[in-house]
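Below is one structure; the comments refer to it alone.
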Amino acid sequence: MARYLLKRIGYILVSLLFIITITFGLMKLAPGGPFTSERKTSPAIERQMQEAYGLNDPIHEQYFNYLISAAKFDFGPSFKYEGQEVTDIIKRSFPYSLLLGLEAIFIALAFGVLFGTIAAIRHNKASDYTVMVIAILGISVPSFVMATILQFIFSMKLSLLPIARFESFAHTILPAFALATTPLAFIARLMRSSMLEVLNADYIKTAKSKGLSERVVIYKHGLRNAILPVVSYLGPLVAGILTGSFIIEKIFGIPGLGREFVESVTNRDYTVIMGTTVFFSVLLLISILVVDLIYGWIDPRIKLANKGANS
Amino acid sequence: MKKNWLVLLVLVFTMSMILAACGEEKTGEKKDNDKGTDKLAADQTLNVNIRSEPPSLNPALATDTTSGAVLNQTFEGLMRVNQEGKVEEAMAESYEVSDDGLTYTFKIREGAKWSNGDPVTAKDFEYAWKWVLDPANVDTDYAYQLYMIKGAEAAKEKGGSLDDVAVKAEDDQTLVVELEQATAYFLELTAFYTFFPVNASVVEANPNWAQDQSENYVTNGPFLMESWKHKDEIVLKKNPDYWDADTVKLETIKMVMIEEENTAKQMYDKGELDWLGSPTDSIPLAAIPSYKKDDVLNISPLAGVYYYAFNTEAEPFNNVNIRKAFAMAINRQGIVDNITQAEQAPAMALVPPSIFEENAEGYFKDNDLEEAKKLMEKGLEELGLSEMPTIKLSYNTSEAHAAIAQAVQDMWKKGLEVDVELHNEEWGVYLDSMGAGDFQVGRMGWLADFNDAINFLEIFESVGGNNYTNWENAEYQGLLKESRAETDVAAREDLLRKAEDIFMEELPLAPIYFYTNVWTNKDKVKNIEVSPLGLVQYKWGYIAEE
């Protein structure tokens, strides 16, 4: 197990190196720079800034300097927001995205698994179709449309919840639901199809013929196996949702990481681009690893130590 | 099976009801015109949206309107532009100008205090201005605003000594500034944030003083910063020690940062915001007609011009007649009425009418197709072309820019029978290709920093910088140079006008419209000043009892 873990962490480091290199390359290739603005400053002042930020150094030097600082998790100050450290920006914006993301994942998982299971048990009955229609709608309605509809109904018409901003638990409900819709629908569909498959398996029939109650059969024997596809979907989902959604954060005026991520690219804020990218990649790679570990725990047939490389 | 269909039907029905409800017309509140009920409300709190995080609240580093909107409340310069648009004394109690217009002597107000209790002295001004001009302080993009001060440009860019910059605190109360040339708008400039003072001892001790709200964020304006949650909210409260504190009525200003226009609009409609629109935010285009219908929309001119720059170096726009033909064939009134909708003035000149009044008329007729066709023929002949090649029209990605470009594409196609290809690029990429001259016609805009025609004329003085057109003209340069030495106001204006005449004769760009400030506010909000420069001042604002 320890050897497996070490090996996986090694892979993570190699992937990170690739990600950093590619991002660095793309970033430098993109036209424009952090000091391009509608109002050009005098060329001499611009030169002084380029010099001070090390943008005049040869490209390989910039790259290696960058690698070293990334390894130390010190990305330097933002170009756009004078004096604000990238690590500070991540530190202050990530908690918003994290909280919102956890809430959304909880909603998506709880309702998704529940709906999927109900649909599978009541296969081809009215509730199955209802759930699946909702699921199709959930997948096909984009989150920003959902967000506006939720805002309109619950804040404007019913005055139940605040329109935007992030100040109390009530403020988080609408954005969390908007964020959860698509994964919720997806999980419901995944759950339904795998549950259907599992319910037809021989061991379920055995359990039933042993005289076990329907509930025990489904929750103890069925769910555990049927949930595996959902778990593997969770890895990228967790990383994606926790780092925040640009659109949802923008619509609800939440100062989260998702906005920093996208805006840094528009601003050509090199240090923030690299900081958020590295942060996102680390989160993604780690959550994939965690998902693989959970896999082994749920399904003992999967022997991690033997599997190793092909995960 | 029947039951399932029913479920589906119900679902579809609910969905369509939700969608229908979205399109419902809003009934806004009526604007009451009687101004009798101006009693102060008990709660003097103003809620506004400033849209985004101010990139810097250090006046020396700020370069944008969001930062300006905060700094104008928390700091105060030597002068302030008052509600009538006149420059009046602020931190300076009085000033004297020498006869040649080169030396300014300011007397700093006795009793003016920093928020930590220190007196505001002439030394703070000297320190602040020299800090901006110190080449060791990079990021001071707006240092050039100070270049009319003698020795300033040399110190910042040419290795000159900071000691030779002609700004000197003779004693705590007296600040003497010597200018390179007489500058008519210098007094007004001292109200601009790059000229704001900073508390020398605090800044010296804490290089990061302006990063967050803390006891180091020492200011001298009508409001103090109470809290700053980055990317979220800034709260200002009244400064009880401000020299003119009796005038200030607002106790709290809550500035939230909501980027999404529609969200801000909903918050406004719900009463969570008291102000929607310019200058710190904007009203969604789609909501403008309904506010207008309810007669709650306020529109005031903003000194700025939206234009299409021609690349005068490449065929066919190296020909002046072709440029004129394209400029005349645009139906500006149509664009303003149907696309931008905020009563912008069609622009047939470079300098906005808020600075040069007669420019409301302009130099040529809007949508003059007949003349345009004639000029086009003449231009083609001069170029030796039988017909116009396809033209590329570039703009940066934005809904409004795209809509205008499509309209212009259509106008040129119908009016001049020219095929126009639209080309949009992301902002950073766009500025890069414009700067490299990789365009034929490209969208640009310019907003004035101070209320003077030189703001607009200066851009096109030489190639490079903000002049993307690659147009230069010796006579034009001569006139601008002359205007800088001219101390007589009328004579100077005359020179500037002559320069504009040349510019409009050569027409290196097609002006489209002059910007406007557009906003709506709750009836209870009174006396808030929106200037033609897009500055907002809450100093005189108050909340009336409802």
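Just a few scattered comments:
- Residue selected from the range B:192-213 under the condition within 11 Å of chain A (Cβ to nearest Cβ) and hydrophobic (A, V, I, L, M, F, W, C), by the criterion farthest from B:Pro55 (Cα to Cα): B:Trp209
- Scanning the range B:284-315 for residues that are under 30 Å from B:Asn470 (Cα atoms) and either in a strand (DSSP E or B) or touching a Lys or Arg at 6+ places or on another chain (Cβ under 8 Å) (or both) yields B:Pro301, B:Leu302, B:Ala303, B:Gly304, B:Val305, B:Tyr306, B:Tyr307, B:Tyr308, B:Ala309, B:Phe310, B:Thr312.
- For the criterion of being within 14 Å of chain A (Cβ to nearest Cβ) and either surrounded by fewer than 22 Cβ atoms within 10 Å (Cβ to Cβ) or over 30 Å from A:Ser159 (Cβ atoms) (or both), B:Val305 passes.
- Identity of the residue in the range B:240-295, β-branched (Val, Ile, Thr) and within 14 Å of another protein chain (Cβ to nearest Cβ), that ends up nearest to B:Val70 (Cα to Cα): B:Val256
- When each of B:Ile512, B:Ile543 is tested for being outside any helix (DSSP H, G or I) and under 25 Å from B:Phe317 (Cβ atoms), the lone residue that passes is B:Ile512.
- With respect to the stated conditions, B:Asn311 fails to be closer than 27 Å to B:Glu357 by Cβ and more than 14 Å from every other protein chain (Cβ to nearest Cβ).
- Pair list, Cβ under 7 Å, 6 or more apart: the range B:454-468 residue at positive phi and within 12 Å of chain A (Cβ to nearest Cβ), other residue of a type outside the set (D, E, K, R) and surrounded by 21 or more Cβ atoms within 10 Å (Cβ to Cβ): none
- Test: residue in the range A:250-261 that is surrounded by 20 or more Cβ atoms within 10 Å (Cβ to Cβ), in contact with a strand residue (DSSP E or B) (Cβ under 9 Å, 6 or more places away or on another chain), modelled with pLDDT of 90 or more and in a helix (DSSP H, G or I): no
- Matching residues, the range A:145-187, being within 11 Å of another protein chain (Cβ to nearest Cβ), of a type in the set (Phe, Trp, Tyr) and part of a helix (DSSP H, G or I): A:Phe152
- Residue within the range B:393-401 that is surrounded by fewer than 16 Cβ atoms within 10 Å (Cβ to Cβ), closer than 18 Å to B:Met434 by Cβ and touching a strand residue (DSSP E or B) at 6+ places or on another chain (Cβ under 8 Å) present: yes
- The range B:134-164, subset of a type in the set (A, V, I, L, M) and farther than 17 Å from B:Leu102 by Cα, residue nearest to the other protein chains (Cβ to nearest Cβ): B:Val138
- Tallying residues that are farther than 24 Å from B:Val81 by Cα and away from chain A (no Cβ under 14 Å) within the range B:214-234 yields 2.
- Unique residue being at pLDDT below 95, among the charged types (D, E, K, R), in the same structural domain as B:Asp494 (by TED's automatic domain parsing) and part of a helix (DSSP H, G or I) when the list is B:Asp432, B:Asp438, B:Asp410, B:Asp449: B:Asp432
- Considering the range A:24-135, the qualifying helices (runs of 4 or more DSSP H), each wholly inside and each with 2 or more residues that are more than 14 Å from every other protein chain (Cβ to nearest Cβ), run over A:59-71, A:86-121.
- Set side by side, the residues B:Asn338, B:Asn424, B:Asn359 differ, and just one is in contact with a strand residue (DSSP E or B) (Cβ under 9 Å, 6 or more places away or on another chain), surrounded by fewer than 20 Cβ atoms within 10 Å (Cβ to Cβ) and closer than 27 Å to B:Asn517 by Cβ, which is B:Asn424.
- One residue alone among A:Thr243, A:Thr276 is in contact (Cβ under 8 Å) with a residue 40 or more places away in the chain, within 29 Å of A:Phe35 (Cβ to Cβ) and more than 14 Å from chain B (Cβ to nearest Cβ), and that residue is A:Thr243.
- Residue-level check: of (1) more than 14 Å from chain A (Cβ to nearest Cβ); (2) within 19 Å of the chain's Cα centre (by Cα); (3) without any contact (Cβ under 8 Å) to a residue 24 or more places away in the chain, B:Glu88 misses just (2).
- Lone unmet requirement of (1) within 14 Å of chain B (Cβ to nearest Cβ); (2) part of a helix (DSSP H, G or I) for A:Leu5: (1)
- Qualifying positions in the range B:258-283 - in a helix (DSSP H, G or I) and either within 13 Å of B:Asn298 (Cβ to Cβ) or among the basic types (Lys, Arg) (or both): B:Lys265
- Selection of the range B:157-175 for residues being in contact with an Asp or Glu (Cβ under 8 Å, 6 or more places away or on another chain) and among the charged types (D, E, K, R) yields only B:Lys168.
- Residues of the range A:184-202 satisfying the condition of being surrounded by fewer than 24 Cβ atoms within 10 Å (Cβ to Cβ) and either under 25 Å from A:Ala239 (Cα atoms) or in contact with a strand residue (DSSP E or B) (Cβ under 8 Å, 6 or more places away or on another chain) (or both): A:Phe186, A:Arg189, A:Leu190, A:Ser193, A:Ser194
Here's the yes/no breakdown for (1) in contact (Cβ under 8 Å) with a residue 40 or more places away in the chain; (2) assigned by TED's automatic domain parsing to the domain that holds B:Val97:
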position: B:Tyr144; (1), (2): no, yes
position: B:Lys168; (1), (2): yes, yes
position: B:Leu175; (1), (2): yes, yes
position: B:Phe192; (1), (2): yes, yes
position: B:Phe196; (1), (2): yes, yes
position: B:Val202; (1), (2): yes, yes
position: B:His230; (1), (2): yes, no
position: B:Thr252; (1), (2): yes, no
position: B:Val256; (1), (2): yes, no
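- Test: residue in the range B:240-248 that is under 22 Å from B:Asp523 (Cα atoms) and either charged (D, E, K, R) or not assigned by TED's automatic domain parsing to the domain that holds B:Asp419 (or both): yes
- Test: residue in the range A:226-233 that is touching a helix residue (DSSP H, G or I) at 6+ places or on another chain (Cβ under 6 Å), in a helix (DSSP H, G or I), within 14 Å of another protein chain (Cβ to nearest Cβ) and modelled with pLDDT of 90 or more: no
- Taking each residue of the range B:362-374 that is within 12 Å of B:Ile512 (Cα to Cα) and looking for partners that are buried (at least 17 other Cβ atoms within 10 Å of the Cβ) and of a type in the set (S, T, N, Q) with beta-carbon atoms closer than 9 Å, six or more apart or interchain, yields B:Asp366/B:Asn331; B:Asn367/B:Asn331.
- Residue match in the range B:163-185 (condition: surrounded by 21 or more Cβ atoms within 10 Å (Cβ to Cβ), farther than 27 Å from A:Ile89 by Cβ and among the basic types (Lys, Arg)): no
The values are calculated or read from the model by the stated rules, or taken from the named source; none is laboratory data. Source: prediction; values computed, not measured. All Cβ positions, glycine included, derive from the backbone under ideal geometry; neighbour counts span all protein chains shown.
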